[in-house]
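Each remark here refers to the structure printed beneath this line.
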Amino acid sequence: SLQWVNMRSGYSFIAWQCGPRNGRLTPFHDERVRKGMTMILDRERMIRDIWDGIGVVSTGPNNPESPTANPDVEAWPYDPEQAAALFKEAGWEDRNGDGVLENEEGQEFQFELTMSTGGEIVERITSYVKNQCTRAGIRCSIRLVDWSIFADLLKQRDFDALMMGWSASAPESDPKQIWHSESILDQGDNFIQWSNEDADSLIDRIRATLDTDERMALWHEFHSVVHESQPYSFIRVSPWLRFVKGDIGNVGTYKAGLDRTEFFRAGQMVTQPGS
């Protein structure tokens, strides 16, 4: 078996509802709150304890092996004290000494984390996230739903936060589908309703720029904008796992995946369809 992170590896994340849910804003419309939520999660520990050490911490929507990724962007640190400062700056603090954060109106910081039903991994995630929220003075409830219902919740924007993952179909995928404000409309895939003028401008320029170096520079700027705003808390980049028969040789684990034209078996090249 082969295991490695490449440009087509997917990533898991917690998505924060940046727009209204049923006509009311969630706490996560505030960028400071979203950053704080990222900082209360020890993602290195999550990878170690939840995924048995398999994977690397994600810094944004671009995998670290892709040229679209900004190598200067570092993952937000695990820093509960800085998170508490950000929450307070955004108006959330323990005002009555009960261990729970409240806003100026006295409303408790509480939210619902939606996840698709699953096995032991889901149980580990929900247990860890709830525990970290409790430590930070946040009430977190868990809603587990079947995937068929999950998809409807995305279309209806009926969630506070949810955990899921995206799998890359190519080393360079069109960012408009997920990140552009136009994709909020008509039940588009910007289901978190994140609207950012800088991101919109960069996405439009990325899609219109043919020169590779110029386009990669724009990608790097876009990576930085998403990192600063934290519409998702980026958790983990998952490696590719591929099984290759023992009699197949010259198997290279490249950044773009596998090149089957290089394979050989028992001293002869492995022919490809159409060759």
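If Asn62 meets every condition in (1) polar (S, T, N, Q); (2) assigned to a loop (DSSP other than H, G, I, E, B); (3) over 17 Å from the mean Cα position of the chain (by Cα) apart from one, which number is that one?
It is condition (3) that Asn62 fails.
Of the residues in segment 93-124, how many are under 26 Å from Gly165 (Cα atoms) and either small (Gly, Ala, Ser) or modelled with pLDDT of 95 or more (or both)?
9
The rows are residues; the columns are (1) open to solvent by 30 Å² or more (accessible area, probe 1.4 Å); (2) in contact with a Ser or Thr (Cβ under 6 Å, 6 or more places away or on another chain); (3) without any contact (Cβ under 8 Å) to a residue 24 or more places away in the chain.
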{"residue": "Asp79", "(1), (2), (3)": "yes, no, no"}
{"residue": "Ala136", "(1), (2), (3)": "no, no, no"}
{"residue": "Leu144", "(1), (2), (3)": "yes, yes, no"}
{"residue": "Leu153", "(1), (2), (3)": "no, no, no"}
{"residue": "Leu162", "(1), (2), (3)": "no, yes, no"}
{"residue": "Ser167", "(1), (2), (3)": "yes, no, no"}
{"residue": "Glu182", "(1), (2), (3)": "yes, no, yes"}
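From Ala90, Ala83, Ala75, which residue is under 19 Å from Gly165 (Cα atoms), hydrophobic (A, V, I, L, M, F, W, C) and in contact (Cβ under 8 Å) with a residue 40 or more places away in the chain?
Step by step, each of Ala90, Ala83, Ala75 is checked, and only Ala75 is under 19 Å from Gly165 (Cα atoms), hydrophobic (A, V, I, L, M, F, W, C) and in contact (Cβ under 8 Å) with a residue 40 or more places away in the chain.
Scan segment 94-107 for residues that are surrounded by fewer than 16 Cβ atoms within 10 Å (Cβ to Cβ) and farther than 13 Å from Arg135 by Cα and report the count.
Of the residues in that region, 8 qualify.
Taking Gly188 as meeting all but one of (1) of a type in the set (Gly, Ala, Ser); (2) surrounded by fewer than 19 Cβ atoms within 10 Å (Cβ to Cβ); (3) touching a helix residue (DSSP H, G or I) at 6+ places or on another chain (Cβ under 7 Å), write down the number of the exception.
Here Gly188 clears every test but (3).
With respect to Val100, determine if the residue is among the hydrophobic types (A, V, I, L, M, F, W, C) and within 17 Å of the chain's Cα centre (by Cα).
no
Could you tell me whether any residue of segment 37-58 is closer than 25 Å to Arg157 by Cβ, modelled with pLDDT under 95 and either out of contact with any helix residue (DSSP H, G or I) (no Cβ under 7 Å at 6 or more places or on another chain) or open to solvent by less than 70 Å² (accessible area, probe 1.4 Å) (or both)?
yes
Starting from segment 15-30, take each residue that is farther than 16 Å from Ser181 by Cβ and list its partners that are open to solvent by 10 Å² or more (accessible area, probe 1.4 Å) and small (Gly, Ala, Ser), counting only C-beta distances under 6 angstrom and pairs at least six apart or across chains.
Here the result reads Asp30/Ala90, each pair linking segment 15-30 to a residue that is open to solvent by 10 Å² or more (accessible area, probe 1.4 Å) and small (Gly, Ala, Ser).
The values are calculated or read from the model by the stated rules, or taken from the named source; none is laboratory data. Being a predicted model, the structure only gives us computed values, none of them experimental. No Cβ is skipped: glycine too gets one built from the backbone with ideal geometry, and neighbour counts run over all protein chains shown. Surface accessibility is based on the protein's heavy atoms, side chains included, excluding ligands, DNA and RNA. Shrake-Rupley method; radii C 1.70, N 1.55, O 1.52, S 1.80 Å.
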